[in-house]
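Q: This structure is in structure tokens; I'll ask about it shortly.
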Amino acid sequence: MKKNVFLILGLCLFALLVAPVLCVAQEDVPDSKDHPLLTRMPDFYISDYEYKEFDKADFKPIMLGK
């Protein structure tokens with residue numbers, strides 16, 4: 001029983017020590033930028049960024065009424 005109490009207290013202490021590190025504001029990827037027509041939501045950051053002048057995307061057609 002005492003081992004369980006110490007285990008739970010240890011996990012709680014660990015969570016309290018690690019939580020502030022995880023809550024630190026992240027920085028954007030270097031040379032990344034937001035689209036000029038969109039605003040960023042509060043507390044969000046750019047974690048991956050790739051600029052392409054032109055590209056294509058393949059979409060699967062949706063068959064309605066089947």
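The values are calculated or read from the model by the stated rules, or taken from the named source; none is laboratory data. Quick caveat, the model's predicted, so the values are computed rather than measured. For neighbour counting, all protein chains shown are included, and Cβ atoms are generated from backbone atoms with ideal geometry for every residue, glycine included.
Q: Please verify whether LYS3 is at pLDDT 85 or above and surrounded by fewer than 10 Cβ atoms within 10 Å (Cβ to Cβ), treating the condition exactly as stated.
A: No: the conditions fail for LYS3.
Q: In the stretch 19-31, what residues are among the hydrophobic types (A, V, I, L, M, F, W, C) and modelled with pLDDT under 85?
A: Selection gives ALA19, VAL21, LEU22, CYS23, VAL24, ALA25.
Q: Within the group LEU9, LEU37, LEU16, which residue is at pLDDT 85 or above and assigned to a helix (DSSP H, G or I)?
A: LEU9
Q: Evaluate the stretch 51-58: report whether one residue or more is in contact with a Lys or Arg (Cβ under 9 Å, 6 or more places away or on another chain), in a loop (DSSP other than H, G, I, E, B) and modelled with pLDDT under 85.
A: Narrowing the stretch 51-58 to residues in contact with a Lys or Arg (Cβ under 9 Å, 6 or more places away or on another chain): 51.
In the following step, the residues that additionally are in a loop (DSSP other than H, G, I, E, B) were identified as 51.
So of that shortlist, the ones also modelled with pLDDT under 85 come out as 51.
There is at least one residue in the stretch 51-58 that is in contact with a Lys or Arg (Cβ under 9 Å, 6 or more places away or on another chain), in a loop (DSSP other than H, G, I, E, B) and modelled with pLDDT under 85.
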